[in-house]
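Taking it in order: structure first as structure tokens, then the write-up.
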Amino acid sequence: MAKAILICGKICSGKTTYARRIQAERCAVLLSVDEIMLALFGQHSGEKHDVYGRGIKRYLLQKSLEFLEVGVDVVLDWGFWSKAERRCTRAFYAARQIPCVFHYLDVPASIWAERLQKRNTAVLQDGAFGYVVDAPLAAKFQACFEAPEREEIDVWVTESE
């Protein structure tokens with residue numbers, strides 16, 4: 001039976017790289033909120049970012065069912081920053097008897113800061129696909145992220161310094 005693989009972690013924790021690896025290994029479909037947001041709005045969704053993001057997540061959850069119903073695994077690459085979002089998403093799949101597995105990327109602060117700097121440079125200088133996250137936005141994201149408890153996560157990936 002196909003399953004949903006849900007990637008949890010802070011911005012710049014390596015979620016997309018990890019998700020792409022799982023996608024290749026399992027011949028899965030990768031569904032990314034950031035991919036859609038950046039394609040539609042670039043860096044400029046402004047105050048509507050959260051509203052648009054919620055709508056895209058609802059759409060992708062429904063779209064994931066189409067793939068799962070025909071036996072294709074899906075990888076949801078969108079962070080699952082809150083306990084409530086993780087609980088609701090697990091309940092969404094459980095109500096449909098679809099297995100889902102949460103993977104959490106636990107990255108030390110020093111590696112996270114290095115990745116954030118590297119990505120910002122790549123986006124600003126090379127036009128790489130991604131968000132620029134300045135210091136105030138990084139602080140906001142840090143404050144918004146609710147680290148999961150061990151019992152919420154099926155696969156805990158710890159990266160060491």
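Screening Ala39 against (1) more than 22 Å from Glu149 (Cα to Cα); (2) in contact with a Gly (Cβ under 7 Å, 6 or more places away or on another chain); (3) of a type in the set (Gly, Ala, Ser) leaves a single unmet condition, (2).
Of the candidates Arg96, Arg150, Arg90, Arg86, the single residue that is modelled with pLDDT of 95 or more, farther than 20 Å from Arg20 by Cβ, within 14 Å of the chain's Cα centre (by Cα) and of a type in the set (D, E, K, R) is Arg86. Go through the residues of the stretch 102-111 one by one and say whether even a single one is at pLDDT 85 or above, in contact with an Asp or Glu (Cβ under 8 Å, 6 or more places away or on another chain) and exposed (fewer than 12 other Cβ atoms within 10 Å of the Cβ). Yes - at least one qualifying residue is present in the stretch 102-111. Quick one: which of Glu47, Glu85 is surrounded by 16 or more Cβ atoms within 10 Å (Cβ to Cβ), of a type outside the set (A, V, I, L, M, F, W, C) and free of Cβ contacts under 8 Å to residues at least 12 places away in the same chain? Testing whether each residue is surrounded by 16 or more Cβ atoms within 10 Å (Cβ to Cβ), of a type outside the set (A, V, I, L, M, F, W, C) and free of Cβ contacts under 8 Å to residues at least 12 places away in the same chain leaves just Glu85.
Give me the residue from the stretch 24-34 that is in contact with a strand residue (DSSP E or B) (Cβ under 8 Å, 6 or more places away or on another chain) and surrounded by fewer than 19 Cβ atoms within 10 Å (Cβ to Cβ) and, out of that set, farthest from Arg54 (Cα to Cα).
Residues of the stretch 24-34 that are in contact with a strand residue (DSSP E or B) (Cβ under 8 Å, 6 or more places away or on another chain), as a first pass: 26, 28-34.
In the following step, the residues that additionally are surrounded by fewer than 19 Cβ atoms within 10 Å (Cβ to Cβ) were identified as 26, 29-30, 34.
Numbers: Arg26: 27, Val29: 20, Leu30: 18, Asp34: 12 Å.
Among them, the one singled out is Arg26.
Checked against (1) surrounded by 13 or more Cβ atoms within 10 Å (Cβ to Cβ); (2) over 22 Å from Phe145 (Cα atoms); (3) among the polar types (S, T, N, Q), Gln62 meets all criteria but (1).
Restricting the stretch 53-68 to residues that are over 20 Å from Leu38 (Cα atoms) and free of Cβ contacts under 8 Å to residues at least 24 places away in the same chain leaves a set whose member that is nearest to the chain's Cα centre (by Cα) is Gln62. For the stretch 73-82, the candidate set comprises residues that are hydrophobic (A, V, I, L, M, F, W, C) and buried (at least 22 other Cβ atoms within 10 Å of the Cβ); within that set, the residue that is farthest from Cys144 (Cα to Cα) is Val74. Being under 25 Å from Glu152 (Cβ atoms), crowded, with 16+ Cβ neighbours inside 10 Å and free of Cβ contacts under 8 Å to residues at least 24 places away in the same chain is a property that Ile98 lacks.
The values are calculated or read from the model by the stated rules, or taken from the named source; none is laboratory data. Note that this is a predicted model, so its numbers are computed, not measured. Using ideal geometry, Cβ is built from the backbone for each residue, glycine included, and neighbour counts are taken over all protein chains shown.
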